[in-house]
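Okay, structure first, notes after.
The values are calculated or read from the model by the stated rules, or taken from the named source; none is laboratory data. Predicted, not measured: the structure shown is a model, and the values here were computed from it. Cβ sites come from the backbone with ideal geometry, for glycine too, and all protein chains shown count toward neighbours. Quick note on the areas: whole protein, heavy atoms, side chains included, nothing else; ligands and nucleic acids left out. Shrake-Rupley method; radii C 1.70, N 1.55, O 1.52, S 1.80 Å.
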Amino acid sequence: MRWRTLLLQCCFLLVTCLLTALEAVPIDIDKTKVKNNPPVDSAKIEPPDTGLYYDEYLKQVIDVLETDNHFREKLQKADIEEIKSGRLSKELDLVSHHVRTKLDELKRQEVARLRMLIKAKLDSLQDTGIDHHALLKQFDHLNHLNPDKFESTDLDMLIKAATSDLEHYDKTRHEEFKKYEMMKEHERREYLKTLNEEKRKEEESKFEEMKKKHENHPKVNHPGSKDQLKEVWEETDGLDPNDFDPKTFFKLHDVNNDGFLDEQELEALFTKELEKVYDPKNEEDDMVEMEEERLRMREHVMNEVDANKDRLVTLEEFLKATEKKEFLEPDSWETLDQQQFFTEEELKEYENLISLQENELKKKADELQKQKEELQRQHDQLEAQKLEYHQVV
């Protein structure tokens, strides 16, 4: 299912074939040495959430395009540049009428969804006179000028929008993690301000103790190194470390058998390393930090191994990486507990931003309270008039 994998990970950017029957390199594996893992049913593998606000629409478009034989044949022969340039989008004009009808319906549903979101947002601001046509311009994953028909322009826009958004997705996750860490430190310091001197010292001491406890973990192997992969080979796959073979390893961890190691399959390889540092049962271990560590490991391996930058690792790329010096003699890997996420200046700037936001919220809350009081006054006045009217009657 490479078509689905590629579209949902790099959204058409890297789709060079659809459901191509890529023959894996024949490898003899001693079945008696491999742990009994349940067989993977490719039909049940759910595509990962891309994190895009139009994720569901993207998945539905993919599902429909997969049903057209002509489009699938063109994808088998297409290269990355043909997809990126938009030439492949022109093939949409040749798909069956049934497929086009389904795509039209999907687009109408997506436009209706976006209009509803816009209306809900503007209603909350008590705006009237909504110009849906103008407001739809802010969405660049579809052609708003023709809300009823899915055209080649729509496919081209979906490709480019998703490609651009996903290229910045990891960066956004890193920024969100940094904010998370600053907020954690901000709340810790604010809590310390509420304590007396004795309690404050106790909390500070406990904080340092927890920090040292977290840092006291086994050595973490460099992600993607021979030592790291051999550990997975031995402890996860249940194979003899002396029999380590890169081709066999690749085959074992290409879970969906599409001939590639995608980002999710790569991240799964780091679980053993992460377990050395993080345990959900330990108070000192933060699972949000664990996921950031996993993301860093995956990015590092992709930068080292993914030669054509298509966010997928082929067997050829994988084998070439195992011949490098870095694979055999890697540098030590610095975990997050060895790094500083932000400076004092950045924290101060962030705290100032929080203060401004809190003041703004307080201002709005005060305004709402005044409106409530005014409405209550009017209600009481109307009730008094109503009572007076009934008395007169």
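Of all lysines in the structure, the ones whose alpha carbon falls short of 17 Å from that of residue 370, not counting any fewer than 8 places away in one chain, are 362.
Sequentially through the stretch 377-393, phi angles give Karplus couplings (6.51, -1.76, 1.60; θ = phi - 60°) of 5, 5, 4, 4, 5, 5, 5, 5, 5, 5, 5, 5, 4, 5, 5, 5, 5 Hz, Gly and Pro residues having no value and appearing as x. Normalised by 2.2 N^0.38 Å, where N is the number of residues, the alpha-carbon radius of gyration of the stretch 344-392 equals 2.19.
At full extension, residue 291 and residue 376 could sit 25.7 nm farther apart than now, given 0.36 nm per residue minus the alpha carbon distance. Carbon-plus-sulfur accessible fraction, the stretch 344-392 (probe radius 1.4 Å, protein heavy atoms only): 53%.
Given their separation in residues at 0.36 nm each and the Cα-Cα distance between them, residue 331 and residue 242 gain 29.8 nm when the chain is fully extended. Working from label points 7 Å from Cα in the Cα-to-Cβ sense, the residue 343 to residue 196 distance is 3.9 nm.
In terms of packing, defined here as the mean over residues of other Cβ atoms within 10 angstrom, the peptides 196-208, 180-192 line up highest first as 180-192, 196-208. Under 16 Å of direct C-alpha separation, and excluding same-chain neighbours fewer than eight residues apart, residue 201 reaches these lysines: 193, 211. Which links in 226/325; 226/247; 219/309 stretch past 20 Å when you go from one Cα to the other? Long pairs (Cα-Cα over 20 Å): 219/309. Taking 0.36 nm per residue of sequence separation and removing the Cα-Cα distance, the residue 149/residue 216 pair yields an extension gain of 18.2 nm. Report note on the peptides 374-386, 92-104: ranked by the mean count of other C-beta atoms within 10 Å, highest first, their order is 92-104, 374-386.
Computed from the C-beta positions of residue 117 and residue 276, the FRET efficiency with R₀ = 41 Å rounds to 0.40. With every protein chain in place, what's the accessible area of residue 116 (1.4 Å probe, Å², nearest 10)? Counting only protein heavy atoms, residue 116 exposes about 130 Å² to solvent.
Placing unit charges on the Cβ atoms only, positive for Lys and Arg and negative for Asp and Glu, gives the stretch 344-392 a dipole magnitude near 500 debye about its Cα centre.
For the stretch 175-219, pairs of C-alpha atoms spaced more than 12 angstrom apart make up 69 percent of the total. Placing dummy labels 7 Å off each Cα toward the beta-carbon, the span from residue 105 to residue 56 is 1.6 nm.
An ellipsoid equivalent to the stretch 207-342, defined through the eigenvalues of its Cα gyration tensor, has semi-axes of 27, 16, 14 Å when rounded to whole angstrom and sorted largest first.
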